[in-house]
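The values are calculated or read from the model by the stated rules, or taken from the named source; none is laboratory data. Computed from a predicted structure; not experimentally measured. Cβ atoms come from the backbone with ideal geometry, glycine included; neighbour counts cover every protein chain shown.
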Amino acid sequence: MIDQLFSDPVSLQRLHLGPLGPHIDAFARHLSERGYARRTTVKKIRVVSSFSRWLQRRDRAAEEVDERVVSAYLRHRRHNGLSLDGVPPTLQDLLTHLRTAGIIPCVQRELGPLHAMEECYARYLTEERGLAKATLDAYLHIVRLFLSERFGTEPIALDELTPKDSARFILRRRSRISPRRAQLVTTGLRSFFHFLYEHGTISTDLAPSVPSVANWRLADLPKFLEPEQVERLLEACNRATPVGRRNYAVLLLLARLGLRAGEVVHMELDDLDWENGELTVRGKSIRQDRLPIPRDVGAALAAYLCSGRPRCSSRRVFLRLRAPQEGFIGSAAICNIVRRALGRAGLHPERKGSHLLRHSLAVTMLRGGASLAEIGEILRHELQSTTEIYTKVDMAALGALALPWHGGEQ
């Protein structure tokens, strides 16, 4: 592998000096698999080679490399006025590779009771509550923020929590986030408090004390785009580029199938059944649904997979195009794709998240004569009441159905 990057025999020999020399070819393959460009790979290999020669001068073995040794090397470079550009992340990549390959042991951290509690809570959400990973990640994020704000740098004492703590946490955020997001925060805190009480960590169940957030289900009209605006949005993607082909496929999944952002993020190659023209959608909780792949969606996915998706070991369908090439971290990446596409198309709706296209699909179906049950089936609503909000979107159609008032003019 490395001889494809360096042709000079003297340079090749120098790169293999030191205790890391026997592992440098495997590290180069590791970088290539993660999608790093040739120039970046060459730069990182030179950093590791310099580190290896430093280890040799200090009679260190590859098996001794850890964070402490890396810190000593970084201090050496700073003391001698050597550049640190790209060195820390490269050596972090090296540590990850050496641990994955079993050359050095995994980090043995003092995890403490809080980390153990967090792992126990994650298992509770997955095994007992059956929540999807996206929901689990959201709840854990809320809990970390809450505990960080409540205790700061002080030791975390869960038995000192009071109802006032959750009220203050929610009130600080209420003006900065939407009612829907605020409800997610309250739900996450109630879940966490209920877990602590069930497992005996706190003596009083604080879940009922978490304040409610007003967000009446049918109070607002759902925000949506007209069909011609949706097409304008899709046409704004430059499908001549890999990123344009990826984003076009993402937007089509949102617009034609009404997928949620998290469902797009976690979609894997094995979810695509090309032979039967179906897609497995991993929705909320542990639910899985099979949906037919529309012709234009299938064509967009095929175009992206054949000439847009980077070659790597990840099984996620949609990947970052910059190294390290891996799946998106969360739903925010999908919302950003929608937001940028709206800007390119010159559209400025009040809401700019991925749910905008889900709502737009439902409204178009309703105006086309679809029943609420059919819309709920396509959107995979567990409760029919969730779909009822769409009865408010077409006031003209509702007016035509209204009976005349007997007290008025005929």
Q: Determine which member of the set Q183, Q229 is touching a residue at least 24 places away in the same chain (Cβ under 8 Å), under 30 Å from R344 (Cα atoms) and among the polar types (S, T, N, Q).
A: Q229
Q) Only one residue in L279, L321 is outside any loop (DSSP other than H, G, I, E, B) and outside the structural domain of Y36 (by TED's automatic domain parsing), so which one is that? A) L279
Q: Return the residue satisfying two criteria in turn: it lies in region 196-209 and is part of a helix (DSSP H, G or I) and closer than 17 Å to A157 by Cβ, and of such residues it is farthest from the chain's Cα centre (by Cα).
A: Y197
Q. Between residues in region 360-377 that are within 10 Å of P227 (Cβ to Cβ) and residues that are of a type in the set (A, V, I, L, M) and modelled with pLDDT under 85, which pairs lie under 6 Å by C-beta distance while being six or more apart or on different chains?
A. V363/V393
**Q.** Search result, residues across region 324-359 that are of a type in the set (V, I, T) and not in a helix (DSSP H, G or I)
**A.** I329
Q | Qualifying position, being loosely packed, with under 15 Cβ neighbours inside 10 Å and in contact (Cβ under 8 Å) with a residue 12 or more places away in the chain, among R38, R60, R34 | A | R38
Q. Among S148, S175, S203, S191, which is the only one that is more than 30 Å from H115 (Cβ to Cβ) and polar (S, T, N, Q)?
A. S175
Q | helices (runs of 4 or more DSSP H) contained in region 210-265 and holding at least 1 residues more than 28 Å from S178 (Cα to Cα) and either modelled with pLDDT under 85 or of a type in the set (V, I, T) (or both) | A | 242-257
